[in-house]
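Below is one structure; the comments refer to it alone.
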Amino acid sequence: MAFKKVGTTLGRAWQNDCRTPPLSRSSKMNNFSTSRELKSREKKSKDQSCESNCRLAAMPLPAASSSTPASQRHQVGDKKRPEEPLTVSGQLYSSAPKADNRTYLWARYNEMKRLVHDLIPPGVCNLLNSSTIYSNNEVSLAEVDIYGFDYDYTLALYSNALNTMIYNTARDFLIENFKYPEGIRKYDYIPNFAARGLHYDIQKGLLMKIDAFHYIQLGTVYRGLNPVPDEEVLRLYGGTHHVPLHQVSGFYGKGPKVKQFMDIFSIPEMTLLALANDFFISNDIEYDPEHLYKDVSEAIGMVHIKGYMYKWVMQDLEKYIIGGEETYAVLHRLVSHGKKLFLITNSPFSFVDKGMRYMVGKDWRDFFDVVIVQADKPHFFNDCVKPFRRLDGNGDLQWDKINSLEKGQIYKQGNLYDFLRLTGWRGSRVLYFGDHLYSDLADLMLRHGWRTGAIVPELDLETRVVNTEQYAQSLTWLQALTGLLERMQMHRDSQSMEVLQEWLKEREELRLRTKNLFNPQFGSIFRTCHNPTYFSRRLCRFSDVYMASISCLLNYDLSYTFYPRRTPLQHEAPLWMDQLCTGCMKTPFLEEMAHIR
């Protein structure tokens, strides 16, 4: 019923407000308002040709268009325009004011607000479920015979306490091993400061969010703990907020000057970089941002290389590992349906064994046909240098030649080419899950044709935010106001320009409000103001499906087919109700199509 209400509302909005777009405005607009002509146009539009349909579908109406009540619509339509239209770049603009343009624009504004209030039906704010699996590509689980998994943040999810420990230990390394000032020890970990997918300008010491087109989202650039003013960002990047391709074009997220932080383990590293920068700036100490980046990266690396993280987790599994019961349920279900399973992880056997015993049980290896540890991804997927070695039950290295990969055995290192040769597991029969878009998924998707599933735990928080009434109302009004600005920009007199400037200011405030709901510094990991983030672009490119955790598989039959939503391109019209309800209104006859699902 909610969908039908939305379709009906939008349909009436179209009929009440079907104005000719700027490209085709003419004197006929003066006679558009009589009810007889309106009915005639509605009847004629139902019989129009395909060419007319396409033209109407592309009309630049707003995300959630307004509708003028019938009495007001007649009054607005009967107003004569005293000026001749001014053509600029192929569009028609009005340069002279008509009678009380300010009142007219604010009337349109208020009508739009009333429509947006009525547009959001009860319950629409709870439509998203964080346990959903989202698809970028069509995937039939009936065709998948082999399931592969990474370990960290895929089979094993960790609590936020682990990030705190990583940060504290790396910070102490900076002070004790690299002889950094003792004052840095006063900076405690800030759990919600950084977000996955951010970029770091190594030479300038700036942490920022970049969109899919390599543009910096202004307002999300931080030097230390302080935002960098937009004017300074433009000055630092030569008058633009675009980062050149060659600086961020490294396949694995690192160009010569900019590093992208793609995995969850990188959040403590970003936080330490920000806090160390802040210390030097606050104390007016001259430093080299490039050397700071190298030292912080090395300190974070030492936490992993020296095994501190592994030791913490193994000593207190209950504190650090979450969701173990669901991991067992997923593996048991897959095996009981005759699926083959394998594990490829960079973690050492002793660490994986301890965690899997805690989550799955002492016989966890019985679930897997192949287990590979210390694989050294992404090199495991893109070179054929390292051979497989076998480990005995104690984790000690054996030197016998590996001619087959046997169930119940533990293998170390190796490479994907030998893996494919020894198993014969190729193409879309294989679905591999991992959390790191580059190290886990990119090569498998691009070079080998495996199906890939990205684990994105942040979906849980992002879904909760999107489901709030505050977000739904703010976003819908933001889209509607943007559409109103788009349509009213042809009014160029001084009164109208003042009103439009007020609307632009409100639009920026709405953008900031919606961003802060996710993360006050950087917003959503999936979107900038209106574009996908660079992280989101890579997520769509390197994963067939993505989800908050592998437990989402429990909600689907193993013959289920995931169909990607056909999202309209900018020049296309939305034709299905799940798209109409997103607030994109660029097509006629919505009321008639409200029953289509």
Distance from a point 7 Å along Cα→Cβ of Asp366 to each backbone N in the range 320-356: keep the residues under 14 Å and list them by number. 332-333, 335-336
Projected-area average for the range 206-361 over all orientations - Cα convex hull basis, square nanometres: 12.9
Got a number for carbon plus sulfur as a percent of the range 385-447's accessible area, 1.4 Å probe? 43
For the range 165-275, which whole percent of the accessible surface, found with a 1.4 angstrom probe, sits on carbon and sulfur atoms? 55
Under a plain spin-label model, where a point goes 7 Å from the Cα along Cα-to-Cβ, how far apart in nm are Ser159 and Thr103? 6.5
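Net charge around Gly414, counting only other residues with Cβ within less than 13 Å of its Cβ (Lys, Arg = +1; Asp, Glu = -1)? Mind dumping the intermediate values first?
Details: positive: Lys377, Lys386, Arg389, Arg390, Lys401, Lys412, Arg421; negative: Asp376, Asp383, Asp418.
So the environment of Gly414 carries a net charge of +4.
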Return P(r) of the range 444-547 (all Cα-Cα pairs; 10 Å bins starting at 0; whole %; ordered from short to long distances). 13, 34, 26, 17, 8, 2, 0
Hey, rough spin-label estimate for Arg114 and Thr132, points 7 angstrom out along Cα→Cβ, what's it come to in nanometres? 3.2
Could you derive backbone 3J(HN,Hα) for the range 256-264 from the dihedral phi with the Karplus parameters 6.51, -1.76 and 1.60 (θ = phi - 60°), listing whole Hz in sequence and x where the residue is Gly or Pro? x, 10, 10, 10, 9, 9, 9, 10, 5
Phi-based couplings in Hz for the range 148-162 (Karplus 6.51, -1.76, 1.60; Gly and Pro marked x): x, 9, 7, 9, 5, 6, 10, 6, 10, 9, 10, 6, 5, 4, 5
Per residue, accessible area of the range 301-411 with a 1.4 Å probe, heavy atoms of protein chains only, in Å², comes to 50
Using the Kirkwood radius over C-alpha pairs as Rh, can you work out the diffusion coefficient of the range 387-435 via Stokes-Einstein at 10 °C, viscosity 1.306 mPa s, in µm² per second? 131
Quick one: Debye curve from the alpha-carbon atoms of the range 508-575 only, equal weights, vacuum; give me log10 I(q)/I(0) at q = 0.12, 0.16 Å⁻¹ to two decimals. -0.51, -0.84
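How high is the FRET efficiency between Asp460 and Met314 when r is their beta carbon distance and R₀ equals 41 Å, given to the nearest 0.05? Write out the running numbers ahead of the final one.
Working: r = 26 Å, r/R0 = 0.63.
With R0 = 41 Å, the Cβ-Cβ based efficiency is 0.95.
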Inter-label distance, nm, simple model (7 Å from Cα along the C-beta direction), Asn226/Glu182: 2.6
Pull out the extension gain between Ile175 and His242, defined as 0.36 nm times the separation in residues minus the alpha carbon to alpha carbon distance; nm, one decimal. 20.6 nm
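Taking the Cβ-Cβ separation of Asn516 and Lys354 as r and a Förster radius of 30 Å, what is the calculated FRET efficiency to the nearest 0.05? Mind dumping the intermediate values first?
Details: r = 40 Å, r/R0 = 1.33.
After rounding to 0.05, the efficiency reads 0.15.
Multiply the residue gap between Gln398 and Lys257 by 0.36 nm, knock off their C-alpha separation, and tell me the result in nm, one decimal place. Each step should come with its number before you reach the end.
Details: separation 141, 0.36 × 141 = 50.76 nm, distance 4.20 nm.
So the chain would gain 46.6 nm between Gln398 and Lys257.
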In Hz, Karplus ³J(HN,Hα) per residue of the range 521-528 (6.51, -1.76, 1.60; θ = phi - 60°; x = Gly, Pro): 8, 10, x, 5, 6, 9, 9, 8
Skipping prolines and chain starts, which residues have an amide H placed within reach, meaning under 5 Å, of the one on Ile410, given they are 5 or more residues away or on another chain? Leu391
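Please give the length that would be gained between Ile281 and Lys505 if that part of the chain were fully extended, namely 0.36 nm times their separation in residues minus their C-alpha to C-alpha distance (nm, one decimal). Intermediate values should be presented prior to the final figure.
On the way: separation 224, 0.36 × 224 = 80.64 nm, distance 3.18 nm.
My answer for the length gained is 77.5 nm.
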Lys340 accessible area, assembled protein chains, probe 1.4 Å, Å²: 90
Please report, largest first and rounded to whole Å, the three semi-axes of the ellipsoid equivalent to the range 352-483, where each semi-axis is the square root of five times an eigenvalue of the C-alpha gyration tensor. 40, 19, 12
Just how large is the dipole of the range 196-242 about the Cα centre, in debye to the nearest 20, putting +1 at every Lys and Arg Cβ and -1 at every Asp and Glu Cβ? 160
Could you pull the Rg and Dmax for the range 97-186, using just the Cα atoms, both in Å? 27.7, 74
Members of Lys204/Lys259; Lys209/Lys259; Lys259/Lys377; Lys186/Lys259 lying beyond 23 Å, as alpha-carbon distances in this model show: Lys186/Lys259
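The values are calculated or read from the model by the stated rules, or taken from the named source; none is laboratory data. From a predicted model like this one, the values you see are computed outputs, not experimental measurements. Every residue, glycine among them, receives a Cβ derived from its backbone with ideal geometry; neighbour counts consider all protein chains shown. Quick note on the areas: whole protein, heavy atoms, side chains included, nothing else; ligands and nucleic acids left out. Shrake-Rupley method; radii C 1.70, N 1.55, O 1.52, S 1.80 Å.
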